[in-house]
Amino acid sequence: MCLALLRLDVAEALRWNIGVMAALPFAAVVFLCQAVRYVRTGNAKLQKWQDVMLLIIIGWLLVFTVLRNLPWFSFLAPGGM
C-alpha cells in the first residue's frame, strides 16, 4: 500500500489495504490540528476530541484486521478487490 501511495496510485493502495486508506484522512486531520496547535501555543496535550478520534481509528483498524482474516470477509484481504 505504501509503495502504491508513493507512486500516487490510489486505486492500487485501496486494493492492498482499504481499511488503512479509510482511516488516513481522519488521522491526518487529528495530527495536522495537533501540529498547528503545538506551533501556536506550545501545548502538546491532545484535546478530548482528538483522543476520541484516535480511539475510534484504532478500534476501526482492529475490527478491520479481524474481519479481513475471516473467510466471510475475504474480499477485504490484500488484493481482494
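Go through A44, A23 for me and flag whichever is among the small types (G, A, S) and surrounded by fewer than 16 Cβ atoms within 10 Å (Cβ to Cβ).
Values: A23 fails: surrounded by fewer than 16 Cβ atoms within 10 Å (Cβ to Cβ).
One residue alone meets the criteria, A44.
Note on region 1-16: among residues that are outside any helix (DSSP H, G or I) and either over 19 Å from T65 (Cα atoms) or touching a Gly at 6+ places or on another chain (Cβ under 8 Å) (or both), the one that is modelled with the lowest pLDDT is D9.
Would you pick out the residues in region 1-46 that are of a type in the set (A, V, I, L, M) and within 18 Å of V63 (Cα to Cα)? Result: L14, I18, V20, M21, A22, A23, L24, A27. The residue pairs whose first member lies in region 28-50 and is without any contact (Cβ under 8 Å) to a residue 12 or more places away in the chain, whose second member is in a loop (DSSP other than H, G, I, E, B), and whose beta carbons are closer than 8 Å, counting only pairs six or more residues apart or on different chains, are R37/N43; R37/Q47; Y38/A44. Whether a residue is at pLDDT below 85, assigned to a helix (DSSP H, G or I) and of a type outside the set (D, E) was assessed, and F64 does not pass this test.
The values are calculated or read from the model by the stated rules, or taken from the named source; none is laboratory data. This is a predicted model, so every value here is computed, not measured. When we count neighbours, we look across all protein chains shown, and the Cβ atoms used for this are built from the backbone with ideal geometry, even at glycine.
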